[in-house]
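Taken together, the values in this text are just the output of simple stated rules run on the coordinates, not laboratory data. Note that the coordinates shown come from a computational prediction; the quantities given were computed from them, not determined experimentally. With ideal geometry, Cβ positions are generated from the backbone for all residues, glycine too; neighbour counts draw on all protein chains shown.
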Amino acid sequence: MAFTEPGDGVIVQSPVYYPFFTAVTLPGRRLLLNPLELQDGCYRMNLAHFEQLAADGARLMFLCSPHNPVGRVWRADELEALLALCRRHGITVLSDEIHHDLVYPGHSHLPLARLADNAEDIVTAVAPSKTFNIPGLGLSALIVPCPRRRAALRKVMDQVHMTAGNPFSIAAFEAAYREGDAWLDALLAYLDETRRVVAAHIAGRLAPIRAIEPEGTYLLWLDCSGLGLDDGALKRFFIDEARVGLNPGIVFGEGGSGFMRMNLGAPRSRILEALDRIETALRARD
């Protein structure tokens, strides 16, 4: 609403966190889908297709970095190539980096704005809600280097009455970022071990379900296409037969059909219980 006019195109890379879609369509903008491509178990951007969309009236793109739900932590070369295309076509980037603290060993999160010589066409969204499990406090931050874009955002926020912050949320926000290092280090070690245990369990006992190895986030993207079920039947299998509540992949848009999203941000015993239930349900189908 701040950076585009009704009818302008906004590029979204699906499958992706599903509120991205309605954030584009409800204000009357055109949703331009740039689906990610799954290659050898790893998702990649289709930048040739992105450039085609850029020529179709795109004025803004939503980048999810690290990516929810597929778990990618984008490399510098991938982000630099994307940024070059956006610059060439005058596209502003809203970089949603809410999972930026949750990155596994061997991978490093690179803020998009850090890669830019001039970050005035980049808006970075961050929040402590995922990292510190405080989404109910409802506070996030937008990092907006450009004064003109900052003024445009403030105008829209005033119009929809988003200017008042809860003082308890602000205190929690500051405390998390100032004092939360040790807690976060322990969390990442725990999540990394959970990720390894779950990957081995799925590979050894839950065929034909395959896990896409996450490079970041506490989310696991499960390829369930080998079960041969449509999306409705797949949801019923997990709910009614396995008695496990996962997010259906289809809600994340194009490319999500046949997938399910699992949340690993829980006690490991609870995650293993869920895997055991899925295994029992799979055996019952044989």
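When the Gaussian network model of the chain links Cα atoms closer than 10 Å, the mean-square fluctuations of Arg195, Arg205, Arg114 top out at Arg114. Give me the percent relative contact order of the chain, please, defined on Cα pairs under 8 angstrom at least 6 residues apart. Relative contact order comes out at 18 percent.
Give the shape of segment 68-140 as rounded, prolate or oblate, defined through the alpha-carbon gyration tensor: a ≥ b ≥ c are the square roots of its eigenvalues, a/c under 1.5 means rounded, and otherwise the shape is prolate if a/b is larger than b/c and oblate if not. Judged from the Cα gyration tensor, segment 68-140 comes out oblate (a/c at least 1.5, b/c at or above a/b).
What separates the Cα centres of segment 16-50 and segment 59-84 is a distance of 11 Å.
Counting only DSSP H runs of at least 4 residues, each contributing -39500 (n - 2.57), and dividing by the residue count of the chain, the helix-based mean residue ellipticity at 222 nm comes to -11500 deg cm²/dmol. Relative to the longest principal axis of the Cα atoms of the chain, the long axis of helix 147-159 lies at roughly 70 degrees. Neighbours of Tyr218 by Cβ distance under 9 Å: Lys/Arg scored +1, Asp/Glu scored -1, total +2. Around the amide H of Leu264, modelled in the peptide plane, lie the amide H atoms of Leu219, Leu220, all under 5 Å away and 5 or more residues distant in sequence or on another chain. Axis of helix 76-88 versus longest Cα principal axis of the chain: the two differ by about 40°, to the nearest ten degrees. Summarising the amide proton neighbourhood of Phe259: residues at separation of 5 or more, or on other chains, whose placed amide H is nearer than 5 Å comprise Cys224, Gly249, Ile250.
Based on the alpha-carbon gyration tensor of segment 182-285 and its eigenvalue square roots a ≥ b ≥ c, which shape applies: rounded if a/c is under 1.5, prolate if not and a/b is larger than b/c, or oblate? Because a/c hits 1.5 or more and a/b exceeds b/c, segment 182-285 counts as prolate.
Just to be sure I follow: if Rg is taken over the C-alpha atoms of the chain and Rh is the Kirkwood radius over the same atoms, what is Rg/Rh?
The Rg/Rh ratio comes out at 0.98.
Note on the chain: with a GNM built from Cα contacts shorter than 10 Å, the maximum mean-square fluctuation among Ser65, Ser269, Ser14 falls on Ser269. The modelled label-to-label distance for the pair Thr22/Arg87, using points 7 Å beyond Cα in the direction of Cβ, is 3.7 nm. 3J(HN,Hα) along segment 218-224, derived from phi through the Karplus expression 6.51 cos²θ - 1.76 cosθ + 1.60 where θ = phi - 60°, amounts to 9, 10, 10, 9, 9, 8, 10 Hz, with x in place of Gly and Pro. Each listed q (0.10, 0.11, 0.12, 0.21 Å⁻¹) maps to a log10 I(q)/I(0) for segment 45-180 from the Debye sum over equal C-alpha point scatterers, namely -0.38, -0.46, -0.55, -1.36.
Computed over the Cα atoms of segment 123-217, what is the ratio Rg over Rh, Rh following Kirkwood?
With Rg and the Kirkwood Rh in hand, the quotient comes to 1.14.
Each of Ser140, Val73, Pro128 was scored by the projection of its Cα onto the charge dipole of segment 69-159, and the greatest displacement toward the positive side belongs to Ser140; charges sit on the C-beta of Lys, Arg, Asp and Glu. Against the chain, whose longest principal axis is taken from its Cα atoms, helix 167-179 shows a tilt of about 70°. Dipole check for the chain: with +1 at the C-beta of Lys and Arg, -1 at the C-beta of Asp and Glu, and the Cα centre as origin, the magnitude is about 440 Debye.
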